[in-house]
Amino acid sequence: MKLSTKGRYGLTAMLDLALNYGEEPVALKNVAERQGISEPYLEQLIAGLRKAGLVKSVRGAQGGYILAYPPDKITVGDVMRVLEGPLAPVDCVIENEPVSCEKADHCVTRIIWEKIRDSINQVVDSITLQDMVDEYNRINGQKGYMYYI
């Protein structure tokens, strides 16, 4: 299974919003510049995330976008399913919408695809945007200056 740029860029944009959570709304232009993503493409991704209720738009001169929930309440799985659709490796094991297969009754590989699907779901549903923020801060430091008195 390979993720598209929708999933990768959308998750990166959500991390950017999470890093700025609790502050003023973030302009998409700023996110696009910081993350190296085309602004028109980012607008398409954010529109889907807004429609799904994961982000909110704020109008006005100081407007932009904010997370609809705290970063510890939004999982990577929430974001990926909005942008990528079901996270099943093959169509016959998509949850809630499996594609019918004439070999389903005697397909040995179906069990493997279900296990892969379940493993992927377990991982992406166990990681929140807050986990990503914490890891970002661990890797990059707090980006502040250390003042000694």
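Counting only residues that are acidic (Asp, Glu) and farther than 15 Å from VAL93 by Cβ, the range 103-129 holds 1 of them. Filtering the range 1-38 to residues that are of a type in the set (D, E, K, R) and in a loop (DSSP other than H, G, I, E, B) leaves LYS2, GLU23, GLU24.
Checked against the criteria, ASN121 does not count as of a type in the set (S, T, N, Q) and at positive phi.
Considering only the range 1-40, state which residues are of a type in the set (S, T, N, Q), closer than 30 Å to TRP113 by Cβ and free of Cβ contacts under 8 Å to residues at least 60 places away in the same chain. Scanning the range 1-40 gives THR5, THR12. So, in the range 62-100, exactly how many residues are touching a residue at least 40 places away in the same chain (Cβ under 8 Å) and within 19 Å of TRP113 (Cα to Cα)? Adding up the residues that qualify gives 5.
Tell me whether the range 57-73 contains one or more residues that are of a type in the set (Lys, Arg) and over 16 Å from MET14 (Cβ atoms). Yes - at least one qualifying residue is present in the range 57-73. Among residues of the range 41-54 that are of a type in the set (Ser, Thr, Tyr), those with a Cβ under 9 angstrom from a residue that is surrounded by 14 or more Cβ atoms within 10 Å (Cβ to Cβ), sequence gap 6+ or separate chain, pair up as TYR41/LYS6; TYR41/TYR9; TYR41/ALA32. Filtering the range 73-103 to residues that are under 13 Å from the mean Cα position of the chain (by Cα) and either over 15 Å from ASN121 (Cα atoms) or aromatic (Phe, Trp, Tyr) (or both) leaves only LYS73. Can you confirm whether LEU3 is over 22 Å from ASN140 (Cβ atoms) and either surrounded by fewer than 20 Cβ atoms within 10 Å (Cβ to Cβ) or at pLDDT 95 or above (or both)? Yes. Could you list all residues from the range 38-72 that are crowded, with 20+ Cβ neighbours inside 10 Å and within 23 Å of VAL124 (Cα to Cα)? Those that are crowded, with 20+ Cβ neighbours inside 10 Å and within 23 Å of VAL124 (Cα to Cα): LEU42, LEU45, ILE46, LEU49, LEU54, VAL55, LEU67, PRO71.
The values are calculated or read from the model by the stated rules, or taken from the named source; none is laboratory data. If you're wondering where the values come from, they're calculated on a predicted model, not measured in any experiment. Neighbour counts are summed over all protein chains in view; Cβ atoms, including those assigned to glycine, are modelled from backbone coordinates with ideal geometry.
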